[in-house]
Amino acid sequence: MRRVLALLPALLLAGCTGAERREPIQPPPPPSAVLPTVPAAPAASLGPVLDGNGACTGAAPATATAIETGIGECDLVRLKGRPPTDVLVGEGRAGREVQVLYTEPGAKELYFFVNNRLDRIVR
């Protein structure tokens, strides 16, 4: 019995060193340094928008009758009746992002647009 037990580890090891050799596991390739970006909607498809100075790039369709979410940038300026105090134009994850500031007597109003649609108002 002792002789069998003594040979058992050798037999087990012999089975491991047989013909079924496996290739070493290769690590996955490193991630690319360049991350894919979501293409922003082209400005031409957004209709008339505000430039950095607060001027419209074209004629607004004048369909909006009140300042509410969903109106366009130029509609806001038309409804306000005067140019904004300041305009910040940039690109974000969702595409074109614009912040329009109006300084009112005693208060400031900040309008946030995403792709030429009013997203929210901060007063």
With a Förster distance of 30 angstrom and the Cβ-Cβ distance between GLN26 and VAL114, calculated FRET efficiency to the nearest 0.05 equals 0.10
Magnitude of the Cβ-charge dipole (Lys and Arg +1, Asp and Glu -1) of segment 37-123 about the Cα centre, nearest 20 debye, reported as 100 debye
Surrounding charge for ASN116, neighbours by C-beta under 11 angstrom, Lys/Arg +1, Asp/Glu -1, total -2
Lys and Arg at +1, Asp and Glu at -1: neighbours of CYS56 with Cβ under 10 Å from its Cβ sum to -2
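Rounded, prolate or oblate: pick one for segment 41-98, where a ≥ b ≥ c are the square roots of the eigenvalues of its C-alpha gyration tensor, a/c under 1.5 means rounded, and failing that, prolate if a/b is larger than b/c, else oblate.
The shape class here is prolate.
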Taking 58-65, 92-99 and ranking on average Cβ neighbours within 10 Å, highest first, one gets 92-99, 58-65
Residues other than GLY70 with Cβ under 13 Å of its Cβ, Lys/Arg counted +1 and Asp/Glu -1, net out at -2
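Only the coordinates and a few stated rules stand behind these numbers; no lab work does. Because the structure is predicted, anything quoted here is derived from the model rather than measured. Note that each Cβ is placed from the backbone with ideal geometry, even for glycine, and that neighbours are counted across all protein chains shown.
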